[in-house]
Amino acid sequence: MTHFNATALANQLGQMLLAKQEMVTVAESCTGGLIASYITSVPGSSAWFRMGWVTYSNSAKTQLLGVDGKKIAQEGAVSHYTVQQMAQHALRIAQAHWSIAVSGIAGPSCKNQENQLDKTPIGSIWFAIANLQKTPLVFHRQLSGSRYQIRHQATKIALIELVSALKNQ
């Protein structure tokens with residue numbers, strides 16, 4: 001995937017949110033805070049960015065966001081269910097207008113909490129965008145490349161899709 005200007009995407013997101021007088025929050029797993037980092041690199045982002053979570057472990061998803069741990073065990077941390085719940089709970093807790101959640105496997109390998117190799121393929125990333133008006137948009141992408149490339153591709157996709165969701169509101 002080609003280089004992208006994350007700051008430009010974050011600026012665009014901020015301008016759109018400011019025009020609507022709305023706030024955004026993020027709940028990240030495999031991106032490890034990259035989305036929040038790009039957002040907060042924009043001067044004045046505190047006017048439209050509420051807060052963010054890096055919930056890398058299943059227990060963090062449960063403790064910080066209130067995602068049902070038993071359902072994570074059944075469905076997997078990298079699943080439609082988990083990202084949807086991450087996005088919806090983040091939206092509620094932050095009292096924001098928009099949220100984006102990301103969970104996936106950036107590689108090179110992943111062991112689950114029972115210390116067994118996870119069978120989810122490397123590059124499998126789930127995204128969810130939630131707002132106050134609609135059912136969350138949940139989608140999957142299968143990415144490729146190094147851990148660094150997968151994490152940055154996922155960040156790019158998250159920012160692009162969030163901007164698109166705001167445009168289509």
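No lab work stands behind these numbers, since they all come straight from the coordinates. Computed from a prediction, not measured in an experiment: that's the story for all the values here. Neighbour counts are summed over all protein chains in view; Cβ atoms, including those assigned to glycine, are modelled from backbone coordinates with ideal geometry.
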For the stretch 50-100 and the stretch 135-168, what is the centre-to-centre distance using only Cα atoms, to the nearest Å?
16 Å
Residue-normalised 222 nm signal for the chain, counting each DSSP H run of n ≥ 4 as -39,500 (n - 2.57), nearest 500 deg cm²/dmol, is -13500 deg cm²/dmol
Which whole-number percentage describes the relative contact order of the chain, with Cα contacts under 8 Å and a sequence gap of 6 or more?
24 percent
Compute the distance in nm between two label points, each set 7 Å from the Cα along the Cα-to-Cβ direction, one at Gln133 and one at Asn168.
1.3 nm
The local net charge around Lys61, scoring Lys/Arg +1 and Asp/Glu -1 for residues other than Lys61 whose Cβ lies under 14 Å from its Cβ, equals -1
Residues meeting the amide H criterion for Ser124 (H placed from the backbone, H to H distance under 5 Å, 5 or more places apart or on another chain) are Ile105, Leu143
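Which percent, to the nearest 5, of DSSP beta bridges fully inside the chain are antiparallel?
Details: 14 of 23 bridges.
Given both bridge residues lie in the chain, the antiparallel proportion sits at roughly 60 percent.
Percent relative contact order of the stretch 57-106, based on C-alpha pairs within less than 8 angstrom and at least six residues apart?
Details: 43 pairs, mean separation 15.9, N = 50.
With pairs under 8 Å counted, the relative contact order is 32 percent.
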Apply 1/(1 + (r/R0)^6) to the Cβ-Cβ distance of Arg141 and Ser37, taking R0 = 30 Å, and write down the FRET efficiency to the nearest 0.05.
0.90
Name the residues whose placed amide hydrogens come within less than 5 Å of the amide hydrogen of Ala27, ignoring near sequence neighbours (fewer than 5 apart) on the same chain.
Trp53, Ile100, Ala101, Val102
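Just the Kirkwood number for the stretch 1-88, please: inverse of mean 1/r across all distinct Cα pairs, in Å, one decimal. Could the numbers behind the result be given before it?
Values: mean 1/r = 0.0710 Å⁻¹.
Averaging 1/r across every pair of different Cα atoms and inverting gives 14.1 Å.
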To the nearest 20 debye, what is the magnitude of the charge dipole of the stretch 6-167 about its Cα centre, counting +1 on the Cβ of each Lys and Arg and -1 on the Cβ of each Asp and Glu?
100 debye
Points 7 angstrom from Cα along the Cβ direction at Lys20 and Ala73: gap in nanometres?
3.8 nm
Debye intensity ratio in log₁₀ form over the Cα atoms of the chain, taken at each q of 0.15 Å⁻¹
-0.75
Nitroxide proxy distance, nm - points 7 Å out along Cα→Cβ at Ser59 and Asn5
4.4 nm
For Gly33, which sequence-distant residues (separation of 5 or more, or a different chain) have an amide H within less than 5 Å of its own amide H, given hydrogens modelled in the peptide plane?
none
